[in-house]
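Q: I'd like to ask you about the structure that follows.
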Amino acid sequence: TRRRGSGTTVRSSEVRTDFEQHIHSFDDLLQFTNATGLQLLFSDRISADSTLAGWLNVRVGSECIHFHGIRYHRRTQEPYCLGEIFRRASWQGLPEGFTRMEDSLRYLIEQQSLQQIQRVEQSLSAVTITPDQAHELNVAPSSPGFRAVRRYFDRKGHLLLVAVTLHPGHLFSYFARYERSD
């Protein structure tokens, strides 16, 4: 595009639909689920590898419950990120009386855990997207990704669950603002 007095700007021929989620507080963090839709693909009992054991603070080989799904933009229905939720399997299973796994998962997180959450710890890292992840996210294998690991703790400091999201690198940015208190 050209604009008199401003020169020429090169733009993409594709219309890009970015998604911005501004998180300023714990409540904003929890609203993330309202801006995207979750399609739960499967749940399973797995043995913790060294990475998962570190996230959950359990021994390698400990039995864990794993939920795997894809979050979609509510507006475009395009994949936004992969979502994983992990918790120790030694806790009781899913609530009874649910016919859909997604409803049961939502109950587990929203009704049981969120009321008990006192603290959230988050770590962010750049990763390479695996071929399986790339297939689910509709991106090229080995493309850059951004992983957020959130650990949710109750009022007594007990770990309730770990949520891991994997975003294609081009769909995620992180902004932080720090101000002096003096």
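Q: Select from segment 136-150 the residues that are under 20 Å from residue 48 (Cα atoms) and open to solvent by 20 Å² or more (accessible area, probe 1.4 Å) and list them in ascending order. Let's see the steps before the verdict.
A: Restricting attention to segment 136-150, the residues satisfying the condition of being under 20 Å from residue 48 (Cα atoms) are 147-150.
Of everything in segment 136-150, those that are under 20 Å from residue 48 (Cα atoms) and open to solvent by 20 Å² or more (accessible area, probe 1.4 Å) turn out to be 147, 150.
Q: Among the residues of segment 108-120, is there at least one that is in contact with a Cys (Cβ under 9 Å, 6 or more places away or on another chain), modelled with pLDDT of 75 or more and under 26 Å from residue 53 (Cβ atoms)? Quick ask: steps written out before the conclusion?
A: Kept after step one, since they are in contact with a Cys (Cβ under 9 Å, 6 or more places away or on another chain), are these residues of segment 108-120: none.
Within segment 108-120, not a single residue is in contact with a Cys (Cβ under 9 Å, 6 or more places away or on another chain), modelled with pLDDT of 75 or more and under 26 Å from residue 53 (Cβ atoms).
Q: Considering only residues of segment 151-182 that are assigned to a strand (DSSP E or B) and closer than 20 Å to residue 126 by Cα, which is most open to solvent (accessible area, probe 1.4 Å)? Quick ask: steps written out before the conclusion?
A: Initially, segment 151-182 is screened for residues assigned to a strand (DSSP E or B), giving 151-154, 159-168.
The next check asks that each one be closer than 20 Å to residue 126 by Cα; those that pass are 151, 162-168.
Details: 151: 52, 162: 0, 163: 18, 164: 10, 165: 14, 166: 15, 167: 4, 168: 3 Å².
Filtering segment 151-182 for residues that are assigned to a strand (DSSP E or B) and closer than 20 Å to residue 126 by Cα, the one most open to solvent (accessible area, probe 1.4 Å) comes out as 151.
Q: Which of the residues belonging to segment 122-135 are loosely packed, with under 13 Cβ neighbours inside 10 Å and over 13 Å from the mean Cα position of the chain (by Cα)?
A: 126, 128, 131, 132, 135, listed by residue number.
Q: Here is a further query. Report yes if some residue within segment 28-42 is open to solvent by 20 Å² or more (accessible area, probe 1.4 Å), touching a Cys at 6+ places or on another chain (Cβ under 6 Å) and either over 20 Å from residue 117 (Cα atoms) or modelled with pLDDT of 90 or more (or both); otherwise report no.
A: No.
The values are calculated or read from the model by the stated rules, or taken from the named source; none is laboratory data. Given the structure is predicted, the values throughout are model-derived calculations rather than measurements. Because the Cβ atoms are built from the backbone with ideal geometry, glycine has one as well, and the counts that use them run over all protein chains shown. Surface accessibility is based on the protein's heavy atoms, side chains included, excluding ligands, DNA and RNA. Shrake-Rupley method; radii C 1.70, N 1.55, O 1.52, S 1.80 Å.
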